[in-house]
Every structure is written in structure tokens, then in C-alpha cells.
Amino acid sequence: MNALNNFLFVVYPYICLAVFLMGSLARFDRDQYTWKSDSSQLLRGRSLKWASNLFHAGILFLFVGHTVGMLTPHGLYEHFITPAQKQLLAVVAGGVAGTICFIGLTGLIWRRVSDARVRLTSHRTDLAILLILWLQLSLGLITLPYSLSHSDGSVMLILSDWAQRIVTLNPDASALAAIAWPYKVHMVLGMTIFLLFPFSRLVHVWSGLASVAYLLRPYQIVRSRRLNLPAERRPAAGQAHKPAARQPETTRAPLLGAQRATQRGHQ
């Protein structure tokens, strides 16, 4: 059991991170035409709107909350908030965001399964990754009562210490042996999502993060073709632009007829 615990929480995280980073780079380099979210909005946009907004709002809040909460050293906030208060804040905020995300994700799964047009245009991995995310959210919500049962924040500190050791390349999973099973399954499935990330539609998350550079991009100057017309040819205000009248083309038919008549006279 100790060997399995060490593999899952010491070795497996680095396997998932390596596949996550190198796999994403390889897919972007080799299969850029598959780098997309495969949106089905054109098929059924009305049912997608509310479910997608709830899911994305909830999942973004949970991602930022988990990243900041677990990777922030305890010494940076111990003078402002106690571990118990931080854990209570995480339970309340995470519970609200998790519920919102769960409702939205359930709507997306129901839409993809019940709508024949959407189902026929979906890949197997589309539904599989949605079900994995749904299971991950369910496990996260299951951990909330366990977190409330130990309000001193001790388990939160154990999980944060493990995550920070993984990032600093100094892993230690010995303290994780004492925590409840929902935490462990939730952590393993979360790492598995990173493992599957490069092989699913989730790669479009990279594009969403890269779109922040759009805010720093310089303005583009767009010149209309109508502005390049001479002043006398520009349409007056309130009038539609009419193309110039086409000049009649001269034909060579009369000339050819005269030449043939001259040739017949010589003959």
C-alpha cells in the first residue's frame, strides 16, 4: 500500500505533467487543424448558451482557486488569515462554484446525449472527457463534508504542502496516507485529466490563455476601398454607389465582312 501511495503521489504527478506539456507541444506542432474546441453552437445554440456559461464560469473559478490556494505558501497569508478561516473560505467559495459548474456540465452532457444532431457530430472523446470532468466535480463536492468535519485546516495544509513539494521537485507523500479516500481519488483523477489533456478537445484552453495577448496587441489600421476612389466618383451622402457605365466594345465583324467582299472581288 505504501508503494502504491508513493507511485500515485510522487511518480505519477511528474508523468502527467510531462505528457501534459510535451503532448500539447507535439499536437500543436503536428496537428494544428485538430487544435479546436469542436463547438456545436451552430446546431443548437439556445440550449448551449446557459449551460456553457455556467460551466466555464465555475471551472475557471475552481481552477484559479485550486492553483492559488494550494500553491501559496502558508507564510504569505498566516498574518492575515488562519488555516481554519482559509479552509472555511475554500469550502464556501468552492462549494458555490462547484455547484454552478456541476449544473452547467450536467446540461452540456444532457444536450450532447439527448440531441441527435449534436450526438452524431460528436467524437467519443468529447463525451468521455465531459463524463470524467463530471465525475471529478462530483468527487470535489463529496470532499466538502469531510473538510467541514476537521475545521482546523490541518488537511488543507497537508494537501498544500504536497502540491508545493511537487512544484519544487521535492515530493513527499508520506502525510497523504492519513487523509480520507475522496481526497485521494479526487487528486488522482485530477492528475489524470492533465494526462488526457493533449489528446482531447481540452487543448483549446491553451488558446484561451494565449488570447490574453490580444489585449496588448497594437491597433490595426483598416482602410476602406471606398476611400481610395477619386473625389468626383465618390457617392453623395445618402446615395448608393453606382458602378460606372460600361463602354461599348467595338467589334471586328464589319471589318471582317469588308475584307471578305474585297477578296471575292479580286477573285
Inset, instruction - Can you confirm whether the range 86-109 contains a residue that is at pLDDT 90 or above and aromatic (F, W, Y)? - result: yes
Legend entry - Boolean, V203 is surrounded by 15 or more Cβ atoms within 10 Å (Cβ to Cβ) and either hydroxyl-bearing (S, T, Y) or within 28 Å of the chain's Cα centre (by Cα) (or both): yes
Inset, instruction - Could you figure out which of (1) more than 20 Å from M191 (Cβ to Cβ); (2) modelled with pLDDT under 90 isn't true of T125? - result: (1)
Legend entry - Which numbered condition I129 misses (of (1) in contact with a helix residue (DSSP H, G or I) (Cβ under 6 Å, 6 or more places away or on another chain); (2) of a type in the set (A, V, I, L, M, F, W, C); (3) surrounded by 18 or more Cβ atoms within 10 Å (Cβ to Cβ)): (1)
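Per-residue answers, yes or no, for (1) part of a helix (DSSP H, G or I); (2) within 22 Å of A177 (Cα to Cα); (3) within 17 Å of the chain's Cα centre (by Cα); (4) not aromatic (F, W, Y):
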residue	(1), (2), (3), (4)
L127	yes, no, yes, yes
L131	yes, no, yes, yes
T143	yes, yes, no, yes
D152	no, yes, no, yes
W162	yes, yes, no, no
Legend entry - the range 83-114, subset touching a residue at least 24 places away in the same chain (Cβ under 8 Å), of a type in the set (A, V, I, L, M) and under 19 Å from K49 (Cα atoms), residue most open to solvent (accessible area, probe 1.4 Å): I103
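The values are calculated or read from the model by the stated rules, or taken from the named source; none is laboratory data. None of these values were measured; they are calculated from a predicted model. Don't worry about glycine lacking a Cβ; one is built from the backbone with ideal geometry, like all the others, and counts go over all protein chains shown. Accessible surface is based on the protein model in full, side chains and every heavy atom, while ligands, DNA and RNA are left aside. Shrake-Rupley method; radii C 1.70, N 1.55, O 1.52, S 1.80 Å.
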